[in-house]
1. Can you say whether Arg384 is surrounded by fewer than 24 Cβ atoms within 10 Å (Cβ to Cβ), basic (Lys, Arg) and modelled with pLDDT under 95, as far as the supplied structure shows?
2. Among the residues of region 266-275, is any of a type outside the set (S, T, N, Q), at pLDDT 95 or above and within 18 Å of the chain's Cα centre (by Cα)?
3. Looking at (1) near the ligand (Cβ under 10 Å from one of its atoms); (2) surrounded by fewer than 24 Cβ atoms within 10 Å (Cβ to Cβ); (3) not hydrophobic (A, V, I, L, M, F, W, C), which is the one condition that is false for Asp200?
4. All but one of (1) away from the ligand (no atom under 16 Å from the Cβ); (2) touching a strand residue (DSSP E or B) at 6+ places or on another chain (Cβ under 6 Å); (3) in the same structural domain as Leu134 (by TED's automatic domain parsing) hold for Arg66, so report the exception by its number.
5. Out of the helices (runs of 4 or more DSSP H) lying entirely within region 50-165, which hold 1 or more residues that are over 30 Å from Thr300 (Cα atoms), among the hydrophobic types (A, V, I, L, M, F, W, C) and touching a Lys or Arg at 6+ places or on another chain (Cβ under 8 Å)?
6. Has region 128-137 got any residue that is in the same structural domain as Thr88 (by TED's automatic domain parsing), surrounded by 15 or more Cβ atoms within 10 Å (Cβ to Cβ) and within 16 Å of the ligand (Cβ to nearest atom)?
7. Looking at the structure I just gave you, is Asp291 touching a residue at least 40 places away in the same chain (Cβ under 8 Å), crowded, with 19+ Cβ neighbours inside 10 Å and at negative phi?
8. Looking at Ala35, is it aliphatic (A, V, I, L, M) and over 30 Å from Gln345 (Cβ atoms)?
Amino acid sequence: MDAADPLARLRGRFSLPPGLIYLDGNSLGARSNTATEAARRVVEEEWGRGLIRSWTQADWIDAPVRVGDALGRLIGAAEGQVLVTDSTTANIFKLLVAALNHQAPRGVVLLEGENFPADNYIAQGVEFALARGLELRVVPGAQLVDALDESVAVLLASHVNYRTGLSLDMARINRRAAEVGALTLWDLAHSAGLLDVRLDASGADMAVGCGYKYLNGGPGAPAFLYVAERHQAALRSPLFGWMGHARPFEFGADYEPAPGIRRFACGTPGVVGLAVLEDALEQLADVSPVDLQAKASKLTRTFIELVHSRCPDAGMTLLGPVEAAAGERGGHVTFTHPEGYGIVQALIAREVIPDFRSPEGVRFGFAPAYLRFVDLWEAVEHLRSVLAGREYADARYRERARVT
Ligand SMILES: *Cc1c(COP(=O)(O)O)cnc(C)c1O
């Protein structure tokens, strides 16, 4: 399978510690070979020598839009609609408020019950901040389409669920939302840089996502937001930041939003983080999202088959269906096991890195850019030994770390 893999050439662009099997690229992507050089160039040359001149000479000022356009290619967004800025969490806040103000008097926010908690926390925070009668309507992901009606102002959902790895039918939900006049806000944390996301073609209204997962921008990399061009003039960020002003360097007394996507910027961007993310996106510049999705699908399918064939009767239960077509599952799978936490720790001790998702989920992520099929085979052999030898029961694994 590795010999036949059209993306096998990408692995050499990333630095992974020898011998380590990294199954957590969905939480923190790997470092590119040139990431250090990208950071060094900014710190030593552009900052060190250029100092403040680099805002113009090194074009720092346009980086959020320039990197946004590069990222847009991976998520089916034409130029001028993606901005790299802030964190995913903060971007959800900005866009939810923008959408709610635009949609007033509608006040229903439709949410997915199994969504990543941060997203629904922010919806609760928006209710707190706006202090007007909102209704947070929470339904299972599978019922979102049917729950869309004329009372819904905005729907917030993850394209790929952080636990099950299953994806929602973005085009179908966008279609239904358009029929009832609701706006959609998609969280692409687990699909950007992985699935063939087609924001423009599927009629999405807004989206956000992380720079540090499958996009490999490094820990705490700047996040991104997308606003379809047709909505940009009507939507306003509640954070009237000077970097989102039409003419920030005129220092006028009153806020006036920039035309286009820049109006969703807030304060001064983190230039070092942007440079590292830009370098990471260059590693994927010659890659089609269709190929990434096809490989992700093969990786997840292969892993599930291996766990079932090599570790039968070991109590590992797959969350969600075994069968899923390409695009219906993202790049990770979760198995539950009562000893899930210990299993993750025992695997890490063997240099195999998945992650743990409470209460008993063992989550394995398969970044198609740098994982080989042989890694899956070896990881499952380690898993088999951990289960057969009850290594998870070791007393060292009783205490939970702060980050799992
Ligand atoms: C990872 C993740 C986030 C993280 O947001 P941050 O602001 O980067 O901490 C948000 N939503 C989902 C669905 C995620 O998977």
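The values are calculated or read from the model by the stated rules, or taken from the named source; none is laboratory data. Given the structure is predicted, the values throughout are model-derived calculations rather than measurements. Glycine also receives a Cβ, built like all others from the backbone with ideal geometry; neighbour counts cover every protein chain displayed.
1. no
2. Scanning region 266-275, I find at least one residue that is of a type outside the set (S, T, N, Q), at pLDDT 95 or above and within 18 Å of the chain's Cα centre (by Cα), so the answer is yes.
3. Among (1) near the ligand (Cβ under 10 Å from one of its atoms); (2) surrounded by fewer than 24 Cβ atoms within 10 Å (Cβ to Cβ); (3) not hydrophobic (A, V, I, L, M, F, W, C), Asp200 violates only (1).
4. That leaves (2) as the condition not met.
5. Filter on region 50-165 gives 63-72, 88-103, 144-147.
6. No: zero hits.
7. So Asp291 fails the test.
8. It is false that Ala35 is aliphatic (A, V, I, L, M) and over 30 Å from Gln345 (Cβ atoms).
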